[in-house]
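Heads up, the thing below is written out as structure tokens.
The values are calculated or read from the model by the stated rules, or taken from the named source; none is laboratory data. All figures in this text were calculated on a predicted structure; none of them were measured in a lab. Quick reminder, even Gly has a Cβ in these numbers, built from the backbone with ideal geometry, and neighbours come from all protein chains shown. Please note that ligands, DNA and RNA were not included when accessible areas were found on the heavy atoms of the full protein model with its side chains. Shrake-Rupley method; radii C 1.70, N 1.55, O 1.52, S 1.80 Å.
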Amino acid sequence: MGLNQTRSRLMAAAALTLALAAPHAFADDHETKEAWRLFVADHTQPVVRAIGLESGKELGRYDLKGYAALTTSASGRTIFAAQGEAGVIHAISTGIDFSDHGDHRDLEVSDPTLLPITFEGERPAHVVSHGGEVALFYDRGGKAEIVQEDALLEGKADIRTVDTTAPHHGVAVTMGRYVLVSVPDTKAEVKPDALPPRIGLRVLDENGQQVGEVATCTDLHGEATSARLVAFGCKEGVLVARPGGLDGPKLEMLAYSESLPEGYTGTLLGGKAMQFFLGNYGEDKVVLIDPDSKEPYRLVELPTRRVDFALDPANPRNAYILTEDGFLSVLDVVNGEIDRHSRVTVPYSKDGHWRDPRPRLAVADGQIAITDPRHSLVRIIDPETLKEERTIPVGGQPFSIVAVGGSGASH
């Protein structure tokens, strides 16, 4: 499929998404309820704060054992706080719960709470939610744990352990009854206390047995889900897993074209309403990836190096990219062009330690939330004007941020 056909399909999907998002006429016993919450982890303090987006008030403060990276489950009901240095993962119930009823969704809102069950292992890192399951990967533990979200929210520890061959900085993703797991190079010579490089991806069945051959994926890093596809960043290209039949998922390498400059993808985001991926390409470029196109990559150059980026789930054409000069750019993912940009923070250089405090993005209720750790603020930006609408004061150095919420019927 050519680029013009690809763009036409994406524009049609966007139009359909907007049509489906139009308000429904509810019966008399239905009222519309809306709730949005931000969850913010501090850069150095072991704490996560739950904040009401509209009020800006703190709804909860949760003390952890170490500084945390935050991940939202696919349902939005649970936040996972992975504390690599402390060797533990906490889970937080967001208090936002949607149930689908065909022509509408019901929304139930309750107080966010820190769940009593914790998960322990050496150097927890990637947390990946797919379907109703969540895969917790422990870099130095030689294992991944598959958790059932429903059971967790009921206070039960329903855990399935997956062997990851050897300790390495990797990832695991569930795909139906299969698990996709990164593969380390166990023959590589590594320095003391260092971890071996990644060389590929394997598929495991429900019994933990490998299905098929290991797919090559040098320096595998970054994953994302879009529609029914899962993608992984590699030096050779982007490896895509498609649902298969009895033989398990099918793995396909989308090799980088010769027209692309030197570089590769290590961070990926997946479209929700449209099937596509957005990935970095080096530090100062991004690529839009259409897995079904004969020319899957569209390169977009940035003004300076990327600090963070995010997709807008409600407006599927928009991607937001923050660069180190403090500018926020709006990328039209259909046209593959940057529409507009404006300065929203002071510059945050990419030089220095990789864990230095830098802003992070989240999208909530048609607004962009940006942590500004130097000023102890979350800045709320209008995506149309790129003007700051207001700020939310947050103690310490707000860093990792995720947003959950939406609207639904209330009986």
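Observations, loosely collected:
- For the range 335-411, pairs of C-alpha atoms spaced more than 17 angstrom apart make up 53 percent of the total.
- Computed from phi, the 3J(HN,Hα) profile of the range 366-380 under the Karplus parametrisation 6.51, -1.76, 1.60 (θ = phi - 60°) reads x, 10, 9, 9, 10, 6, 10, x, 5, 10, 6, 9, 10, 9, 9 Hz, with x in place of Gly and Pro.
- Base-10 log of normalised Debye intensity for the range 153-210 (one unit scatterer per alpha-carbon) at q = 0.21, 0.26, 0.27, 0.29 Å⁻¹: -0.83, -1.05, -1.10, -1.19
- Cross-link pairs exceeding 26 Å in C-alpha to C-alpha distance, out of LYS250/LYS350; LYS65/LYS156; LYS285/LYS350; LYS272/LYS294, comprise LYS250/LYS350.
- Share of alpha-carbon pairs per 10 Å distance bin for the range 115-180, given as whole %: 23, 55, 21, 1
- Fluctuation leader among ASN207, ASN335, ASN280 - the chain, Gaussian network, Cα springs under 10 angstrom: ASN207
- Amide hydrogen proximity for GLY84: with H placed 1.01 Å from N in the peptide plane, the residues at 5 or more positions away or on another chain lying under 5 Å are ALA69.
- 3J(HN,Hα) along the range 49-60, derived from phi through the Karplus expression 6.51 cos²θ - 1.76 cosθ + 1.60 where θ = phi - 60°, amounts to 10, 9, 10, x, 4, 6, 7, x, 8, 6, 8, x Hz, with x in place of Gly and Pro.
- Segment LYS387-ASN207, extension gain: residue separation times 0.36 nm, minus the distance between their alpha carbons: 59.5 nm
- Sorted peptide list for 238-244, 337-343, 51-57, criterion being average Cβ within 10 angstrom, highest first: 238-244, 51-57, 337-343
- 1.4 Å probe accessible area per residue over the chain, in Å²: 45 Å²
- Computed over the chain with a Gaussian network model linking Cα atoms closer than 10 Å, the most mobile of PRO296, PRO393, PRO184 is PRO393.
- For the chain, a crude dipole built from +1 on the beta carbon of Lys and Arg and -1 on the beta carbon of Asp and Glu, taken about the Cα centre, is about 640 debye to the nearest 20.
- 3J(HN,Hα) from dihedral phi, the range 82-90, Karplus parametrisation 6.51/-1.76/1.60, rounded to Hz, x for glycine, proline: 8, 10, x, 5, 8, x, 8, 10, 9
- Radius of gyration and Dmax over the Cα atoms of the chain, both given in Å: 20.7, 68
- Taking the Cα centre of the range 139-238 as origin and assigning +1 to Lys and Arg Cβ atoms and -1 to Asp and Glu Cβ atoms, the resulting dipole is close to 180 debye.
- Environment charge of GLY132, counting only residues whose C-beta is closer than 9 Å and scoring Lys/Arg +1, Asp/Glu -1: -3
- An ellipsoid equivalent to the range 172-253, defined through the eigenvalues of its Cα gyration tensor, has semi-axes of 23, 15, 10 Å when rounded to whole angstrom and sorted largest first.
- With the simple model of a label 7 Å out from the Cα in the direction of the Cβ, ILE146 to SER110 spans 2.7 nm.
- Note: the range 82-161, Cα convex hull, 93 Å³ per residue.
- At q = 0.09, 0.12, 0.14 Å⁻¹ the log10 of I(q)/I(0) for the range 238-388 amounts to -0.31, -0.53, -0.71, computed by Debye summation with a single uniform scatterer per C-alpha, solvent ignored.
- Cut-off 19 Å, label 7 Å out along Cα→Cβ of VAL214, residues of the range 131-164 by amide N: 138-144, 162-164
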